[in-house]
Structures are given as C-alpha cells and as structure tokens.
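The values are calculated or read from the model by the stated rules, or taken from the named source; none is laboratory data. This structure is a prediction, so every number in the text was calculated from the model and none was measured. Quick reminder, even Gly has a Cβ in these numbers, built from the backbone with ideal geometry, and neighbours come from all protein chains shown.
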Amino acid sequence: MNQDWNHFAGDLLRHSRDQAGLTQRDLAAQAGVSASEVARIESYRVQPSIPVLGRLLDAIGLGVTLTSEYVDNRSTAKGTAEFIEQALAANNEHRAFLTWLVLLDDLNAVTSVRLVELIQDPPTTTGNSGYDALIAGLVEYVCLTKGVAPPAWVDDPWRTTEGWCISGISALAEIERKESPPPFSKRGVYLVEQSLSRA
C-alpha cells in the first residue's frame with residue numbers, strides 16, 4: 001500500500017470505532033483484545049496484523065456493512081476485482097483493501113467445491129497492477145493450501161507488479177520479501193504468511 005500501514009490501520013480503526021459510538025475499552029472487550037492494544041493501534045505505535053485488524057473491524061460491525069454492500073459478487077474473484085476497481089476510481093484505497101480482505105476471509109472459509117465456484121470466472125483488471133497480482137496470488141495460495149488446482153487465469157502474464165510490500169513500511173520490506181509465499185512473491189507482491197489467516 002502507498003500509505004504507512006500503521007497510519008492506515010490506526011485511522012481506519014479510530015474512525016470506524018467513533019462512528020459506531022464505542023470506547024476503546026468497549027471495542028477491546030467485543031473483539032477479545034486488550035484496550036491497550038486498541039490504543040497502541042490508534043496512536044500508530046504498533047503494526048496490527050491483518051487478522052487483528054479484521055477482528056476489530058468485525059467487532060465494530062464493519063463486516064456487516066461490507067457484506068450488505070457486496071451482495072452477489074463480493075465473494076468471487078471476478079466480483080472482488082470489480083469492486084476494487086470502483087474503489088480505486090473513487091480514490092478510496094481503504095475500501096479497496098477491505099474488499100480484498102473480504103475475499104481473503106471468504107476463500108479461506110469455504111469448502112474446496114465452493115472455492116472452485118468462486119474463482120472460476122477470470123477477473124478483469126482493477127486498473128492497478130498491485131491489486132491484480134494480489135488477487136491472483138491469493139487465489140493460487142488458497143488453492144494450493146486446499147489441494148485444488150488453481151484456475152489458468154492466475155498465470156496471465158499481466159497479473160504481476162513490481163515489488164509491492166503490503167505493509168508499506170520500509171523497515172519490514174526485507175522480511176516481507178524473504179517470507180512472502182511463492183504465489184505472491186512470483187507476482188511481485190510481498191507479505192508475511194501470517195497475515196493470510198484471520199485468528
């Protein structure tokens with residue numbers, strides 16, 4: 001992402017929590033984390049993992065908002081690409097990334113049979129090479145973990161980018177490059193594998 005991950009996560013969490021009318025303590029209790037962890041995230045002092053941020057946003061009810069907005073296509077690779085394209089066209093990278101998180105959750109949660117249904121239609125470009133590579137990498141990664149053959153479209157040569165470290169934090173770039181699973185790294189996307197499972 002272009003922005004520092006700590007600021008992105010902290011601003012998103014604070015704004016969403018304020019909109020929901022929750023205190024840091026209320027949110028922490030609902031999400032099963034400490035109030036001090038919420039405070040550290042909102043003050044940019046800690047880098048939350050995708051699973052922790054997702055759990056906090058779920059506790060706020062942001063997940064409900066997203067799912068009602070993306071009724072039919074939100075769980076498919078093709079639909080995700082369309083929603084990301086719309087979000088990026090509106091200069092809303094937060095929404096684009098949250099849309100990818102929905103796909104991450106949904107693909108991890110379904111059976112192998114349902115997975116094939118969700119990924120069979122090739123997505124068109126999002127207009128952003130990073131997100132195109134991120135979607136293809138995720139689909140291939142989940143297929144490999146579930147013992148399903150990835151669809152042929154994931155190997156389209158245009159589904160690559162040049163060195164996108166997801167956290168956006170230069171101090172973590174080397175770690176992300178070393179630890180990024182092959183379905184992502186071969187496409188120029190770098191992230192740590194732990195960020196792909198929501199606890």
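Counted as qualifying within the stretch 34-89 are the helices (runs of 4 or more DSSP H) with 2 or more residues that are over 19 Å from Asn6 (Cα atoms), at pLDDT 90 or above and in contact with a Phe, Trp or Tyr (Cβ under 9 Å, 6 or more places away or on another chain), namely 77-89. Within the stretch 160-186, residues that are assigned by TED's automatic domain parsing to the domain that holds Cys143 and loosely packed, with under 15 Cβ neighbours inside 10 Å sit with their Cβ atoms under 6 Å from residues that are small (Gly, Ala, Ser) and in a loop (DSSP other than H, G, I, E, B), at 6+ positions apart or across chains, in these pairs: Glu162/Gly188; Gly163/Gly188. Taking the stretch 77-108 as the range and being farther than 19 Å from Gly61 by Cα and either buried (at least 21 other Cβ atoms within 10 Å of the Cβ) or of a type in the set (A, V, I, L, M) (or both) as the test, the residues that pass are Ala77, Thr80, Ala81, Phe83, Ile84, Ala87, Leu88, Ala89, Ala90, Leu107. The number of residues in the stretch 25-46 that are surrounded by fewer than 19 Cβ atoms within 10 Å (Cβ to Cβ), closer than 20 Å to Leu172 by Cα and in contact (Cβ under 8 Å) with a residue 24 or more places away in the chain comes to 4.
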